[in-house]
1. When you scan segment 22-43, do you find a residue that is under 15 Å from residue 127 (Cα atoms) and surrounded by fewer than 19 Cβ atoms within 10 Å (Cβ to Cβ), even just one?
2. So which residues in segment 207-240 are touching a Ser or Thr at 6+ places or on another chain (Cβ under 8 Å), over 15 Å from residue 186 (Cα atoms) and not in a loop (DSSP other than H, G, I, E, B)?
3. What number of residues within segment 218-234 are open to solvent by less than 50 Å² (accessible area, probe 1.4 Å) and either at pLDDT 85 or above or over 10 Å from residue 194 (Cβ atoms) (or both)?
4. When the residues of segment 157-175 are filtered to those that are open to solvent by 30 Å² or more (accessible area, probe 1.4 Å) and within 22 Å of residue 81 (Cα to Cα), which remaining residue is modelled with the highest pLDDT?
5. Considering only segment 103-148, state which residues are among the aromatic types (Phe, Trp, Tyr), assigned to a strand (DSSP E or B) and within 21 Å of residue 8 (Cβ to Cβ).
6. If you go through segment 24-55 one residue at a time, how many are of a type in the set (Ser, Thr, Tyr), over 23 Å from residue 132 (Cβ atoms) and out of contact with any strand residue (DSSP E or B) (no Cβ under 8 Å at 6 or more places or on another chain)?
7. Scan 64, 19 and give me the residue that is among the β-branched types (Val, Ile, Thr) and open to solvent by less than 60 Å² (accessible area, probe 1.4 Å).
8. Just to be sure before I move on: is residue 59 more than 24 Å from residue 139 (Cα to Cα), buried (at least 20 other Cβ atoms within 10 Å of the Cβ) and out of contact with any Gly (no Cβ under 8 Å at 6 or more places or on another chain) in the structure I sent?
Amino acid sequence: ELQIGNGTTTNSYIPSYSTYENGYTQQLFTASEMGGAATITSISFDMAAVSQQRHFKIYLMHTTANDLSTGWIPASTAQQKFSGNHTFTTGWNTFDFSTPFNYNGTDNLLLIVIDENHSWTGGNSWHVHDAFAGSTRYTYQDNTPYSIGTTPSATGTVLSVRNNVIFGGNCDSTATCFVPNMFVDNITDNSADVIWVAGYDESSWELEYTLYGDSVWTPVNNVTGGTVTIDQLTSNTHYSVRMRSD
């Protein structure tokens, strides 16, 4: 998970504006904020207040644009990742994607939300955080929904705030984690079990432990199963353990 923004300021316009039937927003996230290539499987928005449920279409796309100050970014290469109604709650609301978005880690990332609820009421608001100038642009209208294939005719409104968001990536701890899913259990006065779940084609591992804060690690040999008992430990003593697939 990558969370961008933890602001507590509220905003009623992004990613949708519930007093109009239809809305269109673009929000830009920089490559430096994204921190590298990633497989994105969901996005979460931090909601402050709920009045009405909405129908969202969520798109992501790569872009070399650095801000939205001069106008909308053409969305011809945008990929739709969610479409449907969502039962909003205060706090984090997660939208699971129909297919993952493979972010390349080099370009900036554009988030587009089209709201086509076809009815309106007031009251929805979202938590936002301060961002760079021109990080967000929004517009809204009644009667006619927006289309991803057509740039909105209205110039919209530019903001220097964005929604608090979490870009999520699934990790199946039973099959697909790069790092072993490890935990410690069955702790006694002088022993503890290290238990993990293998991923991919792993069949052997390196496992070491040490006194907490010490730089000298003690290896455990012949680590080939899903459980190893480390014994001859000292009671009431803090230890660290680390492992990796070999």
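The values are calculated or read from the model by the stated rules, or taken from the named source; none is laboratory data. Values in this document were obtained by computation on a predicted structure and should not be read as measured data. Every residue, glycine as well, gets a Cβ built from its backbone with ideal geometry; the counts of neighbours run over all protein chains shown. To get the accessible areas, we keep the full protein, side chains included, count just its heavy atoms, and leave off ligands, DNA and RNA. Shrake-Rupley method; radii C 1.70, N 1.55, O 1.52, S 1.80 Å.
1. Step one: list which residues in segment 22-43 are under 15 Å from residue 127 (Cα atoms), which gives 27, 43.
Within this subset, residues satisfying the condition of being surrounded by fewer than 19 Cβ atoms within 10 Å (Cβ to Cβ) are none.
No, every residue in segment 22-43 fails to be under 15 Å from residue 127 (Cα atoms) and surrounded by fewer than 19 Cβ atoms within 10 Å (Cβ to Cβ).
2. Within segment 207-240, 208, 209, 210, 211, 218, 240 qualify.
3. Here the count works out to 6.
4. So, considering only residues that are open to solvent by 30 Å² or more (accessible area, probe 1.4 Å) and within 22 Å of residue 81 (Cα to Cα), the one modelled with the highest pLDDT is 169.
5. If the condition is that a residue be among the aromatic types (Phe, Trp, Tyr), assigned to a strand (DSSP E or B) and within 21 Å of residue 8 (Cβ to Cβ), then 126, 138 are the ones that fit.
6. Pass one, segment 24-55, residues of a type in the set (Ser, Thr, Tyr): 24-25, 30, 32, 39, 41-42, 44, 51.
Imposing the further condition that a residue be over 23 Å from residue 132 (Cβ atoms) reduces the set to 39, 41-42, 51.
So of that shortlist, the ones also out of contact with any strand residue (DSSP E or B) (no Cβ under 8 Å at 6 or more places or on another chain) come out as 51.
Summing the residues that are of a type in the set (Ser, Thr, Tyr), over 23 Å from residue 132 (Cβ atoms) and out of contact with any strand residue (DSSP E or B) (no Cβ under 8 Å at 6 or more places or on another chain) in segment 24-55 gives 1.
7. 19
8. Values: more than 24 Å from residue 139 (Cα to Cα): no; buried (at least 20 other Cβ atoms within 10 Å of the Cβ): yes; out of contact with any Gly (no Cβ under 8 Å at 6 or more places or on another chain): yes.
So residue 59 does not fit the description; no.
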